[in-house]
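Shown next, in structure tokens, is the structure this report addresses.
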Amino acid sequence: MSPNIFAKPDGGSARSARPRLTNAIMADRAAVAAAEIATLRQKLAAAEARIREIEDKDNVLKPLRERMAAFNCEIAKWWSGS
């Protein structure tokens, strides 16, 4: 495509420039859509990383939570006199 989409290489009317203008607009829309998709992929990757980080923290604390739950059960048994 010519860098100057309004140039009339065939010496025709402005109507002959319309298809070139349409092609330029569609190419621009495709580029914008591709950039938006790339941005959304980056955001998704960041969100997945944050979720993995949270899951890792939960897994680190899981043994402590289990010990606390067992301790609470023992206290409840002792308190009830069983």
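The values are calculated or read from the model by the stated rules, or taken from the named source; none is laboratory data. Note that the structure is predicted; figures quoted are calculated from it, not measured. Only protein heavy atoms, including side chains, enter the accessible area calculation; ligands, DNA and RNA are left aside. Shrake-Rupley method; radii C 1.70, N 1.55, O 1.52, S 1.80 Å.
Give the residue that is modelled with the highest pLDDT, with candidates limited to residues of the range 37-82 that are of a type in the set (S, T, Y) and open to solvent by less than 100 Å² (accessible area, probe 1.4 Å). Quick ask: steps written out before the conclusion?
First pass over the range 37-82, keeping only residues of a type in the set (S, T, Y): 39, 80, 82.
Now drop any that are not open to solvent by less than 100 Å² (accessible area, probe 1.4 Å), which leaves 39, 80.
Numbers: T39: 91, S80: 83.
Applying the filter and picking the extreme gives T39.
Within the range 1-36, take every residue that is among the basic types (K, R) and part of a helix (DSSP H, G or I) and give me the one that is modelled with the highest pLDDT.
If we take residues in the range 1-36 being among the basic types (K, R) and part of a helix (DSSP H, G or I), then R29 is modelled with the highest pLDDT.
Which members of the range 45-82 meet the condition of being hydroxyl-bearing (S, T, Y) and at positive phi?
Applying the first criterion (hydroxyl-bearing (S, T, Y)) to the range 45-82 yields 80, 82.
Within the range 45-82, no residue meets the criteria.
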